[in-house]
Every structure is written in C-alpha cells, then in structure tokens.
Amino acid sequence: MTVLEVTDLHAKHGLLHAVRGISLALAEGETLALVGANGSGKTTLLRTIAGAHPAEKGRVRLDGVDITSVPAHHRVRRGLALVPEGRRLFPELTVLENLQVAGRRGRRGEWTIDTVLDAFPVLRPITRKQASQISGGQQQAAAIARALMTNPRVLLIDEVSLGLAPVAVDAVYESLTRLLGSGATVVLVEQDLERALSVSQRVMCVLEGHVALAAATPDITRDQVTAAYFGVRSATAPAPTAGTATSLHAEIGTP
Ligand code: ATP
C-alpha cells in the first residue's frame, strides 16, 4: 500500500529552482535512501514534503490524501515527521522534555517515552541532560526519537550521519536498523553510500533538483549510483521514473 506519494514536485529558493519535478512513491514499511551531491536539492525536497518549504508546483499525498497545502504542524498530526539537518533540538530543554514536547504534537500510537528509549538505549542514561550538553551522536539519536514520539506514518530523516564520529554513526545505525526492520516507513538522506544502500530497499539519486536514478537496491551497484551522483549519463536517455531500475544501464552508460 502506498503511504507517501509525491508527484512532479517543484520548489524554489527565490529564482533558484532547487527541486525540479521530482516524483516518488513509498509503500508501507519501505525505506528509500536519498543520495546526491551537496546542493542537489535533497534537503529542499524533504522540507517541501514536510511542509516546511512551499511547493511551487506538484502534489504530496499521504495515505491517499492530498496534503500539498496543509501546514507543516498539521502534517505532523497526520503522520509526517521530519528529522531536520542539524537536529534542531530545543537546546535548553532536557532530552526527556524534548521527547515530551513532541509527544504532545503528534498522533497516538505505539511510540511512547518508554518505547523510544527502548529503541534508542543510548538515551536512557542522559534523559535529564540538557540537549545542548550531549554529544552529536546522542543528539541525532534524540532527534530521531523525538520524531518517533509523534507516531509518524512516514519518517523523513535528513543527513543521518553528517558531522558524527564513526563510533556515533555506528550507534545511531544500530538503533535505526532495528527501527527499519520493525516496519517503519522512512526516507533518509545519507552521504555514506554504503550505509544508505545497506539499510534501504530503494535508492534515489538527486542531481541538480531532478531524479538522476531511482532503483531497487538489490538491482543496483554502488558504481551505478556513483555515476548518477556525478551526472555520468547519456544525453539522449530519458529521465528515469521512481522505482524503475531497468533503464539504468542505458541511462548512466555503465556496462
Ligand atoms: P546539502 O547536502 O549540502 O545539504 P542538498 O542536496 O540538501 O545539499 P539543498 O540544501 O536542498 O541541497 O540545496 C539545493 C539548492 O538550493 C542549492 O543550490 C542551495 O544553495 C540552494 N539553497 C538551499 N537553501 C537555500 C536558501 N535558504 N536560500 C537560498 N538558496 C538555498
């Protein structure tokens, strides 16, 4: 069943056309890794889906309902949660208070303080610490846990491992992998291609605001994604559509 459907989405920053007609469909329990070079439009895409940035054109549907003009805070209530780049926790509040605030804004469901702390055990010993006083890895865990407190139908996570020490990335991914295995529906932006491919069923590479490649991860190699990442593709090949891997060889000119 399709939970999130994005159709021909466009978004701008002033005159800069950052998202240029992106479409995707995400089924329940599926994880889509969004990759692409710096400035390719990944953050703008996630923010536009979440309602934090206005759509210039196109549609966003959640569970079949058109939410394109629904304000961001109402999208949270409907089940769309964004973990923004840079975490953006409330720095003066404790970890626990950050979770509690989010719990009041979202839907009711399986995620409560106890269940998110079970999912992110690294947070248990630091619930009383101020968010500004914890490490980057702990902040990322807290940011994902905070989003889960809203009991989302779809979780959008921007830059999972950016700026984190390798050991912190491991800890975040340990919890994240369990979460994904439990059937969460997730779009994640990840610079580490190896990690992105290892946890997702689908991958989409964004290049200059459009989809350069969209494929099921078992059907795709790291080299193919890398080629799309750098824009190595035939000038005559048609743009790929979400969820299709068949045209990739022609598309990016790999053997
Ligand atoms: P990164 O990995 O560096 O975060 P990204 O793929 O997430 O990059 P975006 O942050 O969405 O890409 O940026 C897409 C384009 O929009 C870039 O050219 C960027 O410079 C521009 N841009 C992003 N935010 C703004 C803004 N607030 N004002 C003006 N231009 C912006």
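Observations on the structure shown:
- Tally, over the stretch 154-179, of residues that are within 22 Å of Ala27 (Cβ to Cβ) and under 13 Å from the mean Cα position of the chain (by Cα): 7
- Pair list, Cβ < 7 Å and 6+ apart or interchain, from the stretch 184-203 residues that are closer than 16 Å to Tyr229 by Cα to residues that are open to solvent by 30 Å² or more (accessible area, probe 1.4 Å) and of a type in the set (A, V, I, L, M, F, W, C): Gln191/Leu162; Val203/Leu197
- Only one of the listed residues (Ala81, Ala55, Ala72) is open to solvent by 30 Å² or more (accessible area, probe 1.4 Å), touching a residue at least 40 places away in the same chain (Cβ under 8 Å) and not aromatic (Phe, Trp, Tyr). That residue is Ala55.
- Within the stretch 180-204, the residues that satisfy the criterion of being over 12 Å from Leu26 (Cα atoms) and among the hydroxyl-bearing types (Ser, Thr, Tyr) are Ser182, Ser198.
- Residues that are more than 13 Å from the chain's Cα centre (by Cα) and not hydrophobic (A, V, I, L, M, F, W, C) were ranked within the stretch 23-44; the one that is surrounded by the fewest Cβ atoms within 10 Å (Cβ to Cβ) is Asn38.
- If you go through the stretch 31-90 and keep only what is farther than 24 Å from Gln201 by Cα and among the acidic types (Asp, Glu), you end up with Glu56, Asp66.
- Test: residue in the stretch 140-160 that is of a type outside the set (Lys, Arg), away from the ligand (no atom under 16 Å from the Cβ), open to solvent by 20 Å² or more (accessible area, probe 1.4 Å) and not in a loop (DSSP other than H, G, I, E, B): no
- So Ser23, is it closer than 20 Å to Leu213 by Cβ, polar (S, T, N, Q) and more than 16 Å from the ligand (Cβ to nearest atom): yes
- Remark: pairs (first residue in the stretch 102-119, more than 20 Å from His74 (Cα to Cα); second residue among the charged types (D, E, K, R) and assigned to a helix (DSSP H, G or I); Cβ separation under 6 Å; 6+ apart in sequence or on different chains) = Leu117/Arg124.
The values are calculated or read from the model by the stated rules, or taken from the named source; none is laboratory data. Remember, it's a predicted structure, so these values are computed and weren't measured experimentally. Here the Cβ is made from the backbone with ideal geometry for all residues, glycine too, and neighbour counts use every protein chain on show. For accessibility, only protein heavy atoms count, side chains too; no ligands or nucleic acids. Shrake-Rupley method; radii C 1.70, N 1.55, O 1.52, S 1.80 Å.
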